[in-house]
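Taking it in order: structure first as structure tokens, then the write-up.
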Amino acid sequence: MDIDKAMRLFVDFLNLTWNIIEPLISNRDYTSDETSKSDWIQANWELLVERKVLPLNDYLEIYGEGADFNGISSRITDIEAYATFSVGVIIDDAIDILNNQKIRNQRYSFDRFVGFENGFYIDFSPFEYVLIQDENIGIERVFSIHDVKFKLYRIQK
């Protein structure tokens, strides 16, 4: 399966399961438990996306902040693995809704899927946007998932 299709299926999975899983990964007072949320998403990232698009012994960069489950690693399934591929976000012509800027012909590294509310991104469903870090100028950007394409890039050692 190509990465673009896998990413779109993964965001569909997050949106379809979020209301079911959210109470299970929240604290007793139903406030968000970021550690449980990150662990759950990272585990699913590795099992549903990484294993679908890469052969064994190749690994994707972590999803967002990664997992805290293992302490020494941000991964869940193979804690000693190092990323061999990154997911690129290709922008032909889109609006960065976080900074209200038109962006053309750019490539960024994927960070995570996010929602958007009151002018800022949120780690909550519906996940209809992509968060990236613009390393060129040191800012975050947010794009509609409908305005981007995803592509795999081998990490050069």
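Considering helices alone, the calculated mean residue ellipticity of the chain at 222 nm is -6500 deg cm²/dmol, with DSSP H runs of length four and up weighted by -39500 (n - 2.57) and normalised per residue.
Computed over the chain with a Gaussian network model linking Cα atoms closer than 10 Å, the most mobile of N136, N105, N44 is N136. Averaging the sequence gap over all C-alpha pairs within less than 8 Å and six or more residues apart, then dividing by the number of residues, gives segment 1-137 a relative contact order of 18 percent. Under a Gaussian network description of the chain, with springs only between Cα atoms under 10 Å, the residue in K37, K102, K52 that fluctuates furthest is K102. Projection of the Cα convex hull of the chain, averaged over all directions and equal to a quarter of that hull's surface, yields 9.9 nm². Within straight-line reach of K5, meaning a Cα separation under 20 Å, sit the following lysines at least 8 residues removed in sequence or on another chain: K52, K149, K151. Quick note on segment 58-131: its Rg to Rh ratio, both from C-alpha atoms and Rh being the Kirkwood radius, is 1.05. With a Förster radius of 41 Å applied to the beta-carbon distance between E80 and E117, the computed FRET efficiency rounds to 0.60.
Over segment 32-82, the Kirkwood radius and the radius of gyration, each from Cα atoms, give a ratio Rg/Rh of 0.95.
In a fully extended conformation the segment linking L48 and T17 would gain 9.8 nm over its present Cα-Cα distance, using 0.36 nm per residue.
Select from F143, F124, F13 the residue whose mean-square fluctuation is largest in a Gaussian network model of the chain (Cα-Cα springs shorter than 10 Å). Per the Cα network of the chain with a 10 Å cutoff, F13 tops the list.
Rounded to whole Å, the principal axis extents of the Cα atoms in segment 1-87 read 41, 30, 15, largest first.
Bear in mind that the values in this text are calculations on the coordinates, not laboratory data. These figures come from a predicted structure and were not determined experimentally. Using ideal geometry, Cβ is built from the backbone for each residue, glycine included, and neighbour counts are taken over all protein chains shown.
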